[in-house]
1. From Gly44, Gly49, Gly136, which residue is open to solvent by less than 20 Å² (accessible area, probe 1.4 Å) and modelled with pLDDT of 90 or more?
2. Looking for something basic (Lys, Arg), in a helix (DSSP H, G or I) and over 16 Å from Ile214 (Cα atoms) - is there at least one such residue anywhere in the range 62-78?
3. For the range 172-191, which positions are closer than 21 Å to Ala210 by Cβ and of a type in the set (Lys, Arg)?
4. For Leu186, state whether it is open to solvent by less than 60 Å² (accessible area, probe 1.4 Å) and assigned to a helix (DSSP H, G or I).
5. Pick from Leu57, Leu23: which is in contact with a helix residue (DSSP H, G or I) (Cβ under 8 Å, 6 or more places away or on another chain) and modelled with pLDDT under 90?
6. Please count how many residues of the range 189-217 are of a type in the set (A, V, I, L, M, F, W, C), assigned to a loop (DSSP other than H, G, I, E, B) and either in contact with a strand residue (DSSP E or B) (Cβ under 8 Å, 6 or more places away or on another chain) or under 21 Å from Leu43 (Cβ atoms) (or both).
7. Kindly indicate whether any position in the range 100-115 is exposed (fewer than 14 other Cβ atoms within 10 Å of the Cβ) and either within 17 Å of Thr45 (Cβ to Cβ) or at pLDDT 85 or above (or both).
8. Name the one entry in Glu196, Glu168 that is out of contact with any Lys or Arg (no Cβ under 7 Å at 6 or more places or on another chain), at pLDDT 90 or above and among the charged types (D, E, K, R).
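The values are calculated or read from the model by the stated rules, or taken from the named source; none is laboratory data. A quick note: this is a predicted structure, and the numbers were derived from the prediction, not measured. Every residue, glycine among them, receives a Cβ derived from its backbone with ideal geometry; neighbour counts consider all protein chains shown. What goes into the accessible areas is simple: the full protein's heavy atoms, side chains included, and nothing from ligands, DNA or RNA. Shrake-Rupley method; radii C 1.70, N 1.55, O 1.52, S 1.80 Å.
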Amino acid sequence: MTYLLVVSGFSLRQSGLRRLTLLCLLAINVGTLLLTFSRSAWLGTAAGGAVMLVLVLWVQRTGSRPIRWSSFWLLAGTVLAVVLAFVAVVWPLLVPRLGLATEGVEIRSFEERAMLSEAGLTLVQKRPWFGVGLGGFSEALHRLAPETVAYYEEFTPVHNVLILATAELGILGGLFWLCLVVSPWLALWMRRRQIEMTPWWAGLGGAMAALTVISFFDHYPWSFQQGRLVLWLIWGLWAREWTRSLRSL
């Protein structure tokens, strides 16, 4: 997902064989993303794509290195073709994932998320200032509030990073997480008339927005090593572009 958005931004200034190679890789990546059947990943990618589009339009309006519109339309056409082919082939499997039909697995998925959100808020109430400790959500849930998930055999982290961070680190830790999420966009808005947006930076912004959206529906950007690595890598690359832009003022 993040690869898709970052490389999409990079490809908007490419041409020739390099552009063709990137489009082929992006088509494979779109297909892989769709095959995950992850609604949060789909939603995050859609939101990240919308943010990237806004930033790309910013590039065209104010940047000294505009995108190649031929690359943009080829990218959009490739993504649309893969999505339509996927929908045509696996439509029966998509029906329940899109909420057009009810199945036991889907009902449990929604119920589990709602239940864990309530359980997470219960832990915040029990340990509001110091939390239950980093990585200790599931154990604390079993120890402090087992009645909230008594009918499930396994205790998993809540599928909302803000609640999870607050439960594990306390209210101050949750606020720090929220500041990390919001501050890049606030800084971008405050310096919007001074910095120079680039297609590569637009792709990074889209990836960052996608991960932010996903963090409100899945816990892996916080709880899994791979999720943390991707998130901090995107933040670091975004910060590098921010620093580069400020130095050029």
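1. Values: Gly49 fails: open to solvent by less than 20 Å² (accessible area, probe 1.4 Å); Gly136 fails: modelled with pLDDT of 90 or more.
None of the other options fit; the residue is Gly44.
2. At the first step, the residues of the range 62-78 found to be basic (Lys, Arg) are 65, 68.
Checking which are in a helix (DSSP H, G or I) leaves us with none.
No, that holds for no residue.
3. Correct list: empty.
4. Details: open to solvent by less than 60 Å² (accessible area, probe 1.4 Å): no; assigned to a helix (DSSP H, G or I): yes.
In short, no.
5. On the way: Leu57 fails: in contact with a helix residue (DSSP H, G or I) (Cβ under 8 Å, 6 or more places away or on another chain).
The match here is Leu23.
6. Of the range 189-217, the ones of a type in the set (A, V, I, L, M, F, W, C) are 189-190, 195, 197, 200-202, 204, 207-211, 213-214, 216-217.
Subsequent filtering for residues that are assigned to a loop (DSSP other than H, G, I, E, B) retains 195, 197, 216-217.
Among the residues that remain, those that are also either in contact with a strand residue (DSSP E or B) (Cβ under 8 Å, 6 or more places away or on another chain) or under 21 Å from Leu43 (Cβ atoms) (or both) are: 216-217.
Of the residues in that region, 2 qualify.
7. No; the residues of the range 100-115 include none that is exposed (fewer than 14 other Cβ atoms within 10 Å of the Cβ) and either within 17 Å of Thr45 (Cβ to Cβ) or at pLDDT 85 or above (or both).
8. Values: Glu196 fails: at pLDDT 90 or above.
Unique residue meeting the criteria: Glu168.
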